[in-house]
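Heads up: the structure comes next, in structure tokens.
The values are calculated or read from the model by the stated rules, or taken from the named source; none is laboratory data. Keep in mind the model is a prediction, meaning the values are calculated, not measured. Cβ sites come from the backbone with ideal geometry, for glycine too, and all protein chains shown count toward neighbours.
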Amino acid sequence: MLNDFGSHCLAATFVGGRPAFALADGTVRRIGGEAEADCVRVHADASLAAARVAGDDALLTSGEDGRVCRLGASGEAREVGAVPRKWVTSVGERRGRLAYASGKTVWLYAGGEARPLSHPRGVKGIAFSDDGARLAVAQQDAVSVHDVDAAGAPLELAWNDIHVASTFSPDGRFLVVASQSCFLHGWRLADRKHFRMLGYPGRIGDWSWSPDGVLLATAGAAAAIVWPFDGDDGPMTRGAFEIASREGRKVSAVAWRPGPARSLAIGWDDGAVQLASFDEPQTARTLRAAGRAAISSIAWNGGGTLLAFGSAAGECGALKGDA
């Protein structure tokens, strides 16, 4: 069933087994169950960021009201942090560690009081490593990598650009950043050797790691661009693969399906959603035809049977993966 919620979808996910959508208007909507659609007013004003809590069946949101909230399976939103009279623009949680950012400061909770982490420039994005031990903070011209359990100076990785998001490879060996430029930049953290990942006509707005952790699928081109991260050098000496190309269109969201089959869900800038296989990269099955706006977020449930999607216009729903 398609729901038109009329507000940009920041994040589509599953909470308590039900599709859940964090919207820019400050609400979280859930579909399925006895009610046709639940509406939880989380923020008094607009929401600015949302993040899925991996493995914990929850959703984090932050907003213009300075609050950070966590919505769990019960459907109740609980405040877990606040920066009075400030906009909170980034949130993240991993293995019980929570972080959120406003301006040049990140607040980090790791088993105790909030620890403020100051940076020389405004924070654009934050990301935990898979084990929760490190926190990457993307800024202009640098990415700061903090040891979550230590109070020392972070590892500073310099590269001249405005970095807006970062992601660790699941094994923790590589860090990749997306910037305002039309390419990705990465580092092998053991020796800080850096590399660029080229071939995009526009900015890269989304990415997804395969369940086995060796493939990074990315949006931003006329096909899903997939980079290999196995071996000692990852993508340094190898090119990318293209999956499900569509001339004249652009991929806007990607999500690997749980399980060993290496199936990739792809959201497009015309609102269409497709399912493709890494083994048959040019054969894609359409799960949803074009809509009113670009797909802004997609996510699988834990069993890989349902795919939640949301668009920039607020069109949200869930699709059966085998439909």
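See the values below:
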read-out: Single residue of L175, L216, L184, L198 found to be under 21 Å from L117 (Cβ atoms) and not polar (S, T, N, Q); value: L175
read-out: Matching entry among V254, V164, V176, V226 (being at pLDDT below 95, β-branched (V, I, T) and either assigned to a loop (DSSP other than H, G, I, E, B) or out of contact with any helix residue (DSSP H, G or I) (no Cβ under 6 Å at 6 or more places or on another chain) (or both)); value: V164
read-out: Positions within segment 3-21 being closer than 11 Å to G72 by Cα, touching a strand residue (DSSP E or B) at 6+ places or on another chain (Cβ under 9 Å) and assigned to a loop (DSSP other than H, G, I, E, B), in sequence order; value: G16
read-out: Test: V28 is in a loop (DSSP other than H, G, I, E, B), surrounded by 20 or more Cβ atoms within 10 Å (Cβ to Cβ) and not small (G, A, S); value: no
read-out: Residue, nearest to the chain's Cα centre (by Cα), within segment 61-73, restricted to residues that are part of a loop (DSSP other than H, G, I, E, B) and either surrounded by fewer than 16 Cβ atoms within 10 Å (Cβ to Cβ) or not small (G, A, S) (or both); value: G72
read-out: Members of segment 77-134 that are among the acidic types (D, E) and either crowded, with 20+ Cβ neighbours inside 10 Å or under 22 Å from the mean Cα position of the chain (by Cα) (or both); value: E79, E93, D130, D131
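Yes/no per residue for (1) assigned to a strand (DSSP E or B); (2) within 22 Å of G132 (Cα to Cα); (3) acidic (D, E):
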| position | (1), (2), (3) |
| --- | --- |
| L48 | yes, no, no |
| L59 | yes, yes, no |
| G75 | no, no, no |
| G81 | yes, yes, no |
